[in-house]
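Have a look at the structure below before the remarks.
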Amino acid sequence: MYKNFDEVVEFATNFRHKLHENPELTWQENDTAKAIREILKMHNIEYKTYAGTGTVGVLAQDKEGPHIALRGDIDALPLEEKTDVAYKSTKPQCMHACGHDGHTATLIAAAIWLKQNEDKLPNPISLVFQPAEEGGHGAKKMIEEGCLKGVDMIFGWHNWPAIKFGQAVCPDGTVMAGNGTFHITLKGQGGHSSQPEICRDPVLAASAVTMALQQIVARQVAPQDTAVVSVTSIDAKSEVTVIPDIAKVEGSIRVPNKEIKEKVFKQIKQITESVATGYNVDVDVELRDRYNATINHEDEAAKVRKVLSETLGENWKSDIATPIMASEDFSYYLNTIPGAFALIGSDDGEEKHQKACHNVYYDFNDKLIKPVSISLMKLANFDF
């Protein structure tokens, strides 16, 4: 038994640091899952396993109220950490650069205190520790294996360094964008750089494709809508006097809904094929769908806003524009049952808490663990 909630927060913070030292990539979170399950066992919290490394703790299953799920994600990213924190990652090219260690620790804090006060809970609660958020469609797999069976609504959150600490956003409707990627291979005929006239230059074609794709947002998407098309890689490695046979262009899109995603994908294919024809090269265009937009349900979003005003104070609401153009597989949950997702600020003025997610100098702000875990418990109808 813990004497007070601050002891729980201290335990969760130390656990967060251990996770940060030992990050695991998408679908490889075996030790992370083991550590989570050991803590649940230690605190007599029953749990079920899903999708290999997914875990769902269960509380007050005999209560009659609405069954509420709270979600935290557990996977890390393939980045080489460059922070100087004492709990720096011990694994090469693996880092908790998005704060999933903090999300997990926050849900652990809520789980422990809810269990200690289980007799006061008015409704069943599921504690969803989800793997493979970083492009692995972990939420989809968890749902397919039944993690939402009997659940009436779900809540989740993400730390956000671009928002001031003590502020947050949780709009009705779209909070985060959908995404997808494009992979273009241009095949020409290489040769000596002194004889471009007898070559079919895929590098020149790749350059033209890159410029042409910028017209999609400017001329194919209505000004009232939101979309991003980013070419993030051009690969045509060769020698300085050699025109190569092949050039590859890759990138990602961010869109607010399925309709605009389909339109942007169609334009990418049409424009690329037209440019390739004009430059006399062959082309293969692969379009990969990733996550749909994360779209909050109104009643649940209103509940989140009420709770945030109680835990963060009357000036809690950030003026950051939404939707945020990053993406989340929490969208799978919100496409299945009612719920809402919030972005909660971590920028307290410290430089490391201002670094964007997916940055090698990023570090989760431990000051979030207490207010957010209290918020999660309130969303589960626990009178903290």
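Residue-wise test of (1) among the hydroxyl-bearing types (Ser, Thr, Tyr); (2) closer than 30 Å to residue 295 by Cα; (3) surrounded by fewer than 18 Cβ atoms within 10 Å (Cβ to Cβ); (4) under 30 Å from the mean Cα position of the chain (by Cα).
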position: 200; (1), (2), (3), (4): no, no, no, no
position: 207; (1), (2), (3), (4): yes, no, yes, no
position: 214; (1), (2), (3), (4): no, yes, yes, yes
position: 218; (1), (2), (3), (4): no, yes, yes, yes
position: 229; (1), (2), (3), (4): no, yes, no, yes
position: 239; (1), (2), (3), (4): no, no, yes, no
position: 250; (1), (2), (3), (4): no, yes, yes, yes
position: 255; (1), (2), (3), (4): no, yes, no, yes
position: 260; (1), (2), (3), (4): no, yes, no, yes
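Among the candidates 72, 52, which residue alone is surrounded by 22 or more Cβ atoms within 10 Å (Cβ to Cβ), of a type outside the set (A, V, I, L, M) and in the same structural domain as residue 361 (by TED's automatic domain parsing)? Break it down into steps so the answer makes sense when it comes.
Numbers: 52 fails: surrounded by 22 or more Cβ atoms within 10 Å (Cβ to Cβ).
Residue meeting the stated conditions: 72.
Just to check your reading of the model, which residue among 162, 177 is surrounded by 21 or more Cβ atoms within 10 Å (Cβ to Cβ), within 30 Å of residue 351 (Cα to Cα) and of a type outside the set (Phe, Trp, Tyr)? Steps first, please.
Numbers: 162 fails: surrounded by 21 or more Cβ atoms within 10 Å (Cβ to Cβ).
Criteria check complete, one pass: 177.
Could you tell me whether region 329-342 includes any residue that is in contact with a His (Cβ under 7 Å, 6 or more places away or on another chain), of a type in the set (Asp, Glu) and crowded, with 23+ Cβ neighbours inside 10 Å?
yes
Go through (1) surrounded by fewer than 19 Cβ atoms within 10 Å (Cβ to Cβ); (2) in a helix (DSSP H, G or I) for residue 268 and report which single condition fails.
(1)
Tell me the residue from 252, 230, 207, 238 that is hydroxyl-bearing (Ser, Thr, Tyr), modelled with pLDDT of 95 or more and assigned to a helix (DSSP H, G or I), please.
When all the criteria are applied, what remains is 207.
I'd like to know if region 184-198 contains one or more residues that are under 30 Å from residue 40 (Cβ atoms), surrounded by fewer than 20 Cβ atoms within 10 Å (Cβ to Cβ) and without any contact (Cβ under 8 Å) to a residue 12 or more places away in the chain.
At the first step, the residues of region 184-198 found to be under 30 Å from residue 40 (Cβ atoms) are none.
So far as region 184-198 goes, no, none of its residues is under 30 Å from residue 40 (Cβ atoms), surrounded by fewer than 20 Cβ atoms within 10 Å (Cβ to Cβ) and without any contact (Cβ under 8 Å) to a residue 12 or more places away in the chain.
I'd like to check something: does region 211-225 contain any residue that is at pLDDT 95 or above and acidic (Asp, Glu)?
No, region 211-225 contains no residue that is at pLDDT 95 or above and acidic (Asp, Glu).
With the structure loaded, tell me whether residue 140 is more than 22 Å from residue 13 (Cα to Cα), in contact with a strand residue (DSSP E or B) (Cβ under 6 Å, 6 or more places away or on another chain), at pLDDT 95 or above and not in a loop (DSSP other than H, G, I, E, B) or whether it fails that test.
Spelling it out, it is not the case that residue 140 is more than 22 Å from residue 13 (Cα to Cα), in contact with a strand residue (DSSP E or B) (Cβ under 6 Å, 6 or more places away or on another chain), at pLDDT 95 or above and not in a loop (DSSP other than H, G, I, E, B).
Going by what's in this entry, would residue 281 be described as in contact with a strand residue (DSSP E or B) (Cβ under 9 Å, 6 or more places away or on another chain), more than 26 Å from residue 254 (Cα to Cα) and surrounded by 22 or more Cβ atoms within 10 Å (Cβ to Cβ)?
Values: in contact with a strand residue (DSSP E or B) (Cβ under 9 Å, 6 or more places away or on another chain): yes; more than 26 Å from residue 254 (Cα to Cα): yes; surrounded by 22 or more Cβ atoms within 10 Å (Cβ to Cβ): yes.
Yes.
Residues checked against (1) among the hydroxyl-bearing types (Ser, Thr, Tyr); (2) under 22 Å from residue 337 (Cα atoms); (3) in the same structural domain as residue 14 (by TED's automatic domain parsing); (4) touching a residue at least 60 places away in the same chain (Cβ under 8 Å):
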{"site": "79", "(1), (2), (3), (4)": "no, no, yes, yes"}
{"site": "105", "(1), (2), (3), (4)": "no, no, yes, yes"}
{"site": "109", "(1), (2), (3), (4)": "no, no, yes, yes"}
{"site": "113", "(1), (2), (3), (4)": "no, no, yes, yes"}
{"site": "116", "(1), (2), (3), (4)": "no, no, yes, yes"}
{"site": "119", "(1), (2), (3), (4)": "no, no, yes, no"}
{"site": "123", "(1), (2), (3), (4)": "no, yes, yes, yes"}
{"site": "146", "(1), (2), (3), (4)": "no, yes, yes, yes"}
{"site": "152", "(1), (2), (3), (4)": "no, yes, yes, yes"}
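Of 332, 362, which residue is hydroxyl-bearing (Ser, Thr, Tyr), in the same structural domain as residue 99 (by TED's automatic domain parsing), touching a residue at least 24 places away in the same chain (Cβ under 8 Å) and closer than 22 Å to residue 89 by Cα? Step through it out loud before you land on a result.
Values: 332 fails: closer than 22 Å to residue 89 by Cα.
The match here is 362.
Working carefully through the options 321, 301, find the one that is in the same structural domain as residue 138 (by TED's automatic domain parsing) and in a loop (DSSP other than H, G, I, E, B).
321
If only one of 318, 309 is without any contact (Cβ under 8 Å) to a residue 12 or more places away in the chain and closer than 30 Å to residue 372 by Cα, which one is it?
309
Here are the criteria: (1) over 30 Å from residue 173 (Cβ atoms); (2) in contact (Cβ under 8 Å) with a residue 40 or more places away in the chain. Tell me which single one residue 207 does not satisfy.
(2)
Which members of region 296-319 meet the condition of being under 14 Å from residue 171 (Cα atoms) and of a type in the set (A, V, I, L, M)? Before the answer, list the steps.
Filtering region 296-319 down to residues under 14 Å from residue 171 (Cα atoms) leaves 296-309, 316-319.
Within region 296-319, 301, 302, 304, 307, 308 meet the criteria.
Which of the residues spanning region 17-76 are among the small types (Gly, Ala, Ser) and in a helix (DSSP H, G or I)? Let's see the steps before the verdict.
Initially, region 17-76 is screened for residues among the small types (Gly, Ala, Ser), giving 33, 35, 51-52, 54, 57, 60, 65, 69, 72, 76.
Residues satisfying the conditions are 33, 35.
The values are calculated or read from the model by the stated rules, or taken from the named source; none is laboratory data. All values reported here derive from a predicted model rather than from experimental measurement. Glycine gets a Cβ as well: all are built from the backbone with ideal geometry, and neighbour counts include every protein chain shown.
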